[in-house]
Every structure is written in C-alpha cells, then in structure tokens.
Amino acid sequence: MSTRTRWQLANPTERLEAHVARYRTQREAAAALGITQPYLSDLLQGRRTFSDAILGKLGLRWAVVKEAR
C-alpha cells in the first residue's frame, strides 16, 4: 500500500509580497528580515534567488518533488 503526501507549493515571491504588505515601507520589511531594501527589491523583481535563510524567515523551505511516470 502506498501513501501519497500532498504538498502545497508556495510561491516565495507571493509570500514575500505578503510580508512587505504588513509594513509601511520596503525598508521596514527588509529590516524585519535582516536584509537591505535593495536586496528585498531584487528578490521581488526576480533578480536574486531566495536563500535558505530568507525562505526560512518566510516560513518556507526548498523541496524537490519527484513525480511518478
């Protein structure tokens, strides 16, 4: 008997946008994550890749999904 685990895949950019929306400025949102505002902007614009540390602060982590053929 096989068991299937259902994963809900989250979009890190959407999670970051929701984080930013809780603050008055991007600078405040960035400070809460321990990063600079320019780095935050780069993440939002897709110019940078999310690190494990940033994903963790957003409540996310990398996952590798293998689909059966």
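The values are calculated or read from the model by the stated rules, or taken from the named source; none is laboratory data. Given the structure is predicted, the values throughout are model-derived calculations rather than measurements. Positions of Cβ are generated from backbone atoms using ideal geometry, with glycine treated the same way; all protein chains shown enter the neighbour counts. We work out accessible area using only protein heavy atoms, side chains counted, and drop any ligands, DNA or RNA first. Shrake-Rupley method; radii C 1.70, N 1.55, O 1.52, S 1.80 Å.
All other residues with a Cβ under 9 Å from the Cβ of A32 taken together, and with Lys, Arg as +1 and Asp, Glu as -1, what is their net charge? Intermediate values should be presented prior to the final figure.
On the way: positive: R22, K57; negative: E28.
Overall, the nearby charge balance is +1.
Per residue, how much accessible area does the chain show when a 1.4 Å probe rolls over the protein heavy atoms, in square angstrom?
Values: 5930 Å² over 69 residues.
Dividing the accessible area of the chain by its residue count gives 86 Å².
Grab the Cα-Cα distance for K66 and R27, subtract it from 0.36 nm times how many residues apart they are, and report the gain in nm with one decimal. If you can, show how the numbers build up before the last one.
Details: separation 39, 0.36 × 39 = 14.04 nm, distance 3.79 nm.
Result: 10.2 nm gained on full extension.
Answer with a single label: of (1) 19, 14, 10; (2) 21, 13, 11; (3) 30, 12, 10, which was calculated as semi-axes √(5λ) of the Cα gyration tensor in Å from the structure in view?
Here the calculated entry is (3).
Going toward the positive end of the dipole of the chain, with +1 on Lys and Arg Cβ and -1 on Asp and Glu Cβ, which of L58, Q37, Q26 do you reach last?
Positive-end residue among those listed: L58.
Helix 12-21 versus the longest principal axis of the chain: what angle, 0 to 90°, nearest 10, using Cα atoms?
The answer is roughly 40 degrees.
Round to a whole number: what % of the accessible area of the range 24-69 belongs to carbon and sulfur, probe 1.4 Å?
The computed percentage sits at 48.
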